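So the structure is just underneath, and the comments pick up after that.
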Amino acid sequence: MTFLRYDFLLRMLRASGYSINHVENVTDVGHLTSDADEGEDKLEKGARREGITAWEVAKRYTEEFIVGMQTLHIIPPTHLTKATDHIAEQIDLVRRLEGKGYTYRISDGIYFDTSKFKTYGHLARLDLKKLQAGARVEFNPEKRNHSDFALWKFSPENTHRDMEWESPWGRGFPGWHIECSAMAMKYLGDTIDIHAGGIDHIPVHHTNEIAQSEAASGKPFARYWLHANHLLSQGQKIAKSAGNGYTLADIAAHSFSPLDLRMLALQSHYRTQADFNWSNLAAAHSRLASLQAMADLRWQLPDTAVSPIDLNLSAQVILGELQNDLGTPQALARLSEIETQLEKTPPAQTQRQEFITFLQFLDELLGLELSIRSDITPAQKELIGKRAEARAQKDFAKADELRKLLTDQKIGVQDTNNGAIWYRL
Ligand SMILES: [Zn+2]
């Protein structure tokens, strides 16, 4: 859901004339199960469970992730960077922080001293005194401050992890946060325009990214932060234990298309919680179907009755809603208004190109594939024509019979002032 929501950001920026350098990282280094740099390594744990190495686990899920993104027609990033391909950059960044006096060494690794970074926690408006006082659980007594975090963790003595590297401080692996700073700075420079992510990362992960990056470069790390709110499932937080998480395969097994899911993502604003359940997805499906029926008007434009609607202006209005803090529900509401008007007065033959351009623009912006839909077959058109004749001759039994034939071919017919309009069932 988060990736879909940010796909609309990318599409909006592109449609607004920006060129995009978009970096997305694959966290393929195993990290620890808690934010507090304690606990088990999820990747190494998963590898043991599946009887394969951490490298194989990372490869498998990275591939699955990429296929999923393709399935959802999410625009691929300019750079898809793996943490394991950037260990040298991460070590280099830790050395820079060390050179500036921000780090210290304890028995299990190299840590960032958050008390030395004056604006630590500003993004999350953290109350550090309270944090320190409340720090009883999971507090490593060797750490100087509760909020200090690992930049480099040592491999435990006498054990070999699947993933570990040599470093100036000893064999081990990078802390979770450092990969983002190292890769962002490599591909985007010291200051990036927009950093997007999930709302759950504000208090620890993004806070630490800012601290490391700004401590090293002395420059602001990100000009804008966008935080997507949680996706719930049946009103509950998605959790493995609750069994309420779904995959794209589950969606397909319920006969929904990836476009239905895209529509569901459009229906809520990225800063609000979205709820996934099958009836919401069904509602998204029918809303999409009605937009598809609008798009299919392009194959049945009347010769007369020029629609008064200015489609170029309508496209700009929809773009404007997205430019206003990514107002996807507002953009959809505008689109519904346009749809209603077009149903009443469809564009005329003379407006065909304008209409196609409008559909193409919508696709660039929303990715709903409205402009690439095909016409029905000549045989199906003939059935529609014969049905109209039967109706004109008041032979309603024959008309119903012909409608049934069309229904069997998943074509619906609606009789309007402009004659019969077909749509796909
Ligand atoms: Zn990150």
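Relative intensity of region 363-425 on a log10 scale, I(q)/I(0) at q = 0.29 Å⁻¹, equals -1.29, per a Debye sum over C-alpha point scatterers of equal strength in the absence of solvent.
Hey, with R₀ at 22 Å, roughly what FRET efficiency would residue 353 and residue 388 work out to, going by the Cβ-Cβ distance, to 0.05? Efficiency, rounded to the nearest 0.05: 0.20. With a cut-off of 9 Å between beta carbons, the residues surrounding residue 86 carry a summed charge of -1, where Lys and Arg count +1 and Asp and Glu -1. Between the Cα long axis of helix 178-188 and the first principal axis of the chain there is an angle of about 60°, rounded to the nearest 10. Stretching residue 225 away from residue 279 to a fully extended chain increases their span by 16.2 nm, per 0.36 nm per residue minus the current alpha-carbon distance. By how many degrees, 0 to 90 and rounded to 10, does the Cα axis of helix 311-323 deviate from the longest principal axis of the chain? Taking Cα atoms only, the helix is inclined about 20 degrees. With kT/(6 pi eta Rh) evaluated at 4 °C and eta = 1.567 mPa s, and Rh the Kirkwood radius from Cα pairs, region 279-425 diffuses with a coefficient of 79 µm²/s according to Stokes-Einstein. The modelled label-to-label distance for the pair residue 199/residue 139, using points 7 Å beyond Cα in the direction of Cβ, is 2.9 nm. In order along region 114-126, the Karplus-derived 3J(HN,Hα) couplings, from 6.51 cos²θ - 1.76 cosθ + 1.60 at θ = phi - 60°, round to 5, 5, 7, 9, 4, 9, 4, x, 4, 4, 8, 6, 6 Hz, and Gly and Pro are given as x. Segment residue 60..residue 424, full-extension length gain: 127.3 nm, with 0.36 nm per residue of separation and the alpha-carbon distance subtracted. Spatial offset of region 174-224 relative to region 226-274 amounts to 27 Å, using the alpha carbon center of each. Here region 407-425 is scanned for amide nitrogen atoms under 16 Å from the site 7 Å beyond the Cα of residue 380 along Cα-to-Cβ, giving 407-414, 420-425. In region 1-126, Rg over Rh equals 1.03, where Rg is the alpha-carbon radius of gyration and Rh the Kirkwood radius from pairwise Cα distances. Close amide-amide hydrogen proximity is noted between residue 412 and 423, 424, 425, each under 5 Å apart and 5 or more residues distant or on a separate chain (H modeled in the peptide plane; Pro and chain starts excluded). With a Förster radius of 22 Å applied to the C-beta separation of residue 257 and residue 405, the computed FRET efficiency comes to 0.30. Distant-in-sequence amide contacts of residue 275, defined by a placed amide H-H separation under 5 Å and a gap of 5 or more residues or a different chain, comprise 232. Taking the chain on its own, what percent of its Cα-Cα pair distances exceed 31 Å? Here the tail beyond 31 Å accounts for 52 percent of pairs.
Could you compute the FRET efficiency for residue 18 and residue 343, with r as their C-beta to C-beta distance and R0 at 56 Å, rounded to 0.05? FRET efficiency, residue 18 to residue 343: 0.95. Compute the projected area of the convex hull of the Cα atoms of region 222-291, averaged over all viewing directions, and report it in nm² to one decimal place. Over all viewing directions, region 222-291 projects a mean Cα-hull area of 6.0 nm².
Averaging over all projection directions, find the projected area of the Cα convex hull of region 237-339 and quote it in nm² with one decimal place.
Over all viewing directions, region 237-339 projects a mean Cα-hull area of 8.3 nm².
Whole-Hz Karplus values for region 58-63 come out as 4, 5, 4, 6, 5, 4 Hz, taken residue by residue from phi with 6.51 cos²θ - 1.76 cosθ + 1.60 and θ = phi - 60°; glycine and proline positions read x.
A simple spin-label model places pseudo-atoms 7 Å from Cα toward Cβ; at residue 105 and residue 234 they are separated by 5.2 nm.
Of the Cα atoms belonging to region 147-200, the radius of gyration and Dmax stand at 14.3, 44 Å. With each label modelled as a point 7 angstrom along the Cα→C-beta vector, the residue 242-residue 157 pair spans 4.3 nm.
Length gained on full extension, residue 166 to residue 127, computed as 0.36 nm times the residue gap minus the Cα-Cα distance: 10.4 nm.
To the nearest ten degrees, helix 328-344 and the longest principal axis of the Cα atoms of the chain are 10 degrees apart.
No lab work stands behind these numbers, since they all come straight from the coordinates. Everything quoted here is computed from the prediction, not taken from an experiment. Don't worry about glycine lacking a Cβ; one is built from the backbone with ideal geometry, like all the others, and counts go over all protein chains shown.
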